[in-house]
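Written below as structure tokens is the structure these notes are about.
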Amino acid sequence: MASKIREQILKVLLENRETYISGQKLSEQLGCTRAAVWKQMEELRQAGYVFEAKARCGYKLIFIPDLVTADELRPLLRTQIFGQQIYSYLSVDSTQNVANDLANRGAPEGTVVLTEFQTAGKGRLGRKWSKDHSKGIAMSLILRPQVPLQKISELTLVIAVALVHAIQKTTGLHPKIKWPNDIFLDGKKLCGVLTELKGESDRLNYILVGIGINVNETIENLGDELSDIATSLLISGKQPVSRAKLVANILFELEQLYPIYLTEGFLPIKKIWEQYSLLNNQEIIARTANGFLEGVYEGITEEGILLLRDKSGMIQKIITGDVYMKEQ
């Protein structure tokens with residue numbers, strides 16, 4: 001409900017750019033309280049919108065921030081499938097939830113969902129991931145690959161390679177991949193990927209790919225809790241980045257690698273992934289369902305399974321879990 005009020009407020013202010021609109025008029029027109037209007041105005045300010053407020057007159061919109069919308073993105077696309085259908089929102093609970101609803105209603109492969117605000121985002125292993133400011137990228141992509149279920153885990157590694165390529169081409173920076181699919185820059189987390197399978201028994205219906213990237217956040221935006229472990233393209237590159245251009249490049253790079261994966265499997269992409277691995281030549285700790293394992297990173301298999309050489313010299317295969325470099 002709050003996001004709908006926010007979008008309605010913005011619509012009214014955009015339609016009346018040359019005049020002031022009072023809080024009372026907004027509340028009457030939208031059928032909500034003055035307090036609700038004020039709260040959503042504050043949310044818009046946090047997203048970068050600038051308003052001029054005048055006593056007994058109301059609000060006037062004077063600056064619109066850089067937004068990633070369908071209109072902004074379409075002229076930048078160089079794809080035939082990915083991004084041909086785009087749904088962009090000012091605020092949603094989770095782009096994964098929206099994409100799931102669209103996929104259930106038959107949305108085609110390549111459909112993209114974008115939002116400026118994400119209030120209940122999802123991360124790997126059930127973690128919460130929220131995007132509260134209009135500075136990063138929160139998006140989901142619908143895929144409908146015709147591949148065996150046991151091969152789907154490889155797809156997350158393919159996506160990570162596409163993200164690294166897109167970030168490099170957009171910014172000139174050189175991120176790394178922390179197995180299986182987190183993107184790091186300058187030793188700090190920049191981007192996370194979540195893939196969710198939807199199917200029945202042994203039949204895959206579709207995959208939802210959730211991507212969250214810190215783009216133009218400052219150290220202050222990240223806050224004390226995250227600034228030691230996370231970064232953004234702005235922080236590392238010292239200059240702002242066009243989010244729409246980055247999204248367009250992500251979709252382009254995915255569309256280059258995805259057909260290769262479908263026709264030839266992960267093996268042709270494996271060598272590229274290994275070049276970008278953050279863990280090369282590192283002592284690591286793997287947290288699995290069966291406890292912790294320590295050892296040396298020995299690469300990945302053709303199926304994307306992590307190989308760890310433990311203290312006894314035995315090679316352990318890590319199918320899923322969290323991996324950390326030992327000095328962390």
For this session: Find the residue count for region 197-243, including only residues that are under 25 Å from VAL98 (Cα atoms), open to solvent by less than 20 Å² (accessible area, probe 1.4 Å) and among the hydroxyl-bearing types (Ser, Thr, Tyr).
Result: 1
Exercise. Is it the case that some residue within region 16-32 is open to solvent by 80 Å² or more (accessible area, probe 1.4 Å), within 30 Å of GLN84 (Cβ to Cβ), of a type outside the set (Ser, Thr, Tyr) and out of contact with any Gly (no Cβ under 7 Å at 6 or more places or on another chain)?
Worked result: no
For this session: Taking the residues in region 149-180 that are of a type in the set (Gly, Ala, Ser) and open to solvent by less than 20 Å² (accessible area, probe 1.4 Å) as candidates, determine which candidate is farthest from ILE269 (Cα to Cα).
Result: ALA166
Exercise. Residues in region 58-89 that are basic (Lys, Arg) and at positive phi: how many?
Worked result: 0
For this session: Return yes when GLN328 is polar (S, T, N, Q) and either modelled with pLDDT under 95 or assigned to a loop (DSSP other than H, G, I, E, B) (or both) and no when it is not.
Result: yes
Exercise. Considering only residues of region 215-262 that are among the hydroxyl-bearing types (Ser, Thr, Tyr) and modelled with pLDDT under 95, which is nearest to PRO65 (Cα to Cα)?
Worked result: SER242
Exercise. Is it the case that ILE260 is open to solvent by 30 Å² or more (accessible area, probe 1.4 Å), part of a helix (DSSP H, G or I) and closer than 27 Å to MET325 by Cβ?
Worked result: no
Exercise. Does region 73-106 hold any residues that are among the hydroxyl-bearing types (Ser, Thr, Tyr) and open to solvent by 40 Å² or more (accessible area, probe 1.4 Å), and which are they?
Worked result: TYR87, SER88, TYR89
Exercise. Any idea which of LEU61, LEU44 is in a strand (DSSP E or B) and crowded, with 19+ Cβ neighbours inside 10 Å?
Worked result: LEU61
Exercise. Which ones in region 72-96 are assigned to a helix (DSSP H, G or I) and in contact (Cβ under 8 Å) with a residue 12 or more places away in the chain?
Worked result: GLU72, LEU73, ARG74, LEU76, THR95, GLN96
Exercise. Here are ALA53, ALA70: which of them is among the aliphatic types (A, V, I, L, M), surrounded by fewer than 12 Cβ atoms within 10 Å (Cβ to Cβ) and at pLDDT below 90?
Worked result: ALA53
Exercise. So which residues in region 292-306 are open to solvent by less than 60 Å² (accessible area, probe 1.4 Å) and farther than 13 Å from ILE319 by Cα, if there are any at all?
Worked result: GLY295, VAL296, TYR297
For this session: Hey, could you check region 267-291 for residues that are in a helix (DSSP H, G or I), within 25 Å of the chain's Cα centre (by Cα) and of a type in the set (A, V, I, L, M, F, W, C) and say which is surrounded by the fewest Cβ atoms within 10 Å (Cβ to Cβ)?
Result: ILE272
Exercise. With (1) out of contact with any Phe, Trp or Tyr (no Cβ under 7 Å at 6 or more places or on another chain); (2) surrounded by 15 or more Cβ atoms within 10 Å (Cβ to Cβ); (3) in a strand (DSSP E or B); (4) of a type outside the set (S, T, N, Q) as the list, and ALA248 as the residue in question, which single condition is left unmet?
Worked result: (3)
Seminar exercise, completed: Over region 311-328, the set of residues in contact with a strand residue (DSSP E or B) (Cβ under 8 Å, 6 or more places away or on another chain) and either small (Gly, Ala, Ser) or open to solvent by less than 30 Å² (accessible area, probe 1.4 Å) (or both) is ILE318, GLY321, ASP322, VAL323, MET325
For this session: Would you be able to tell me the number of residues in region 119-148 that are buried (at least 18 other Cβ atoms within 10 Å of the Cβ) and modelled with pLDDT of 85 or more?
Result: 9
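The values are calculated or read from the model by the stated rules, or taken from the named source; none is laboratory data. Owing to the predicted nature of the structure, the values given are computational and were not obtained by experimental measurement. Don't worry about glycine lacking a Cβ; one is built from the backbone with ideal geometry, like all the others, and counts go over all protein chains shown. The protein model used for the area step is the full one, side chains on, heavy atoms only, and it has no ligands, DNA or RNA in it. Shrake-Rupley method; radii C 1.70, N 1.55, O 1.52, S 1.80 Å.
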